[in-house]
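So the structure is just underneath, and the comments pick up after that.
The values are calculated or read from the model by the stated rules, or taken from the named source; none is laboratory data. What you see is a predicted model; the values in this text were computed from it and never measured. Note: ideal-geometry Cβ built from the backbone for every residue, glycine included; neighbour counts use all protein chains shown. Each accessible area value is taken on the protein alone, full model and side chains, heavy atoms only, with ligands, DNA and RNA left out. Shrake-Rupley method; radii C 1.70, N 1.55, O 1.52, S 1.80 Å.
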Amino acid sequence: AALVDLSVVGAQVIAQSPLKPNQRVRITLADDVTVVRFDAAVVWASFEIPRGITRYRAGVEFMDGRPDAIQGFALRHKSAL
C-alpha cells in the first residue's frame, strides 16, 4: 500500500488489494534510519476507479504502534507526504 497521510494514531493508505472495515493489517514503516512494525485496524475504506485503475483508499487506526517511532518517521518524510 502507498502511504497518503500519517499521524501517531493512524494513517490513510491506497492499496491495490481490497481493504474492509474492521480488517486487521500489519503496518511496516521503513527507511534508512529505522523499521517500525505494528498492527492496525481498518476504520473506513472506499473503492475507487480513477482513470480505469482499481484501488482501495482506507483509513487505519494503529493498535500497538510506538508514537515516538511513528513521529520520527513522519518528521523525516514530512515533505514527501
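Please give the per residue accessible area of the chain, computed with a probe of 1.4 Å over protein heavy atoms only, in Å².
Result: 65 Å² of accessible area for each residue.
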Taking protein heavy atoms only, a 1.4 Å probe, and rounding to whole percent, the accessible area of region 16-64 owed to carbon and sulfur comes out at 49
So the angle from the long Cα axis of helix 67-76 to the longest Cα principal axis of the chain, reported in degrees to the nearest 10, equals 80
FRET efficiency for ALA2 and ASP64 from the Cβ-Cβ distance with R0 = 25 Å, rounded to 0.05, comes out at 0.65
Karplus-derived 3J(HN,Hα) from phi for region 19-33 (6.51 cos²θ - 1.76 cosθ + 1.60, θ = phi - 60°), whole Hz, x at Gly and Pro, runs 10, 10, x, 6, 5, 8, 9, 9, 9, 10, 10, 9, 8, 5, 8
Rh_Kirkwood(the chain) over Cα pairs, Å, one decimal, evaluates to 13.0
In debye to the nearest 20, the charge dipole size for the chain, taken about the Cα centre with +1 at each Lys and Arg Cβ and -1 at each Asp and Glu Cβ, equals 240
In a Gaussian network model of the chain with springs linking alpha carbons closer than 10 Å, the residue among ALA30, ALA11, ALA45 that fluctuates most is ALA30
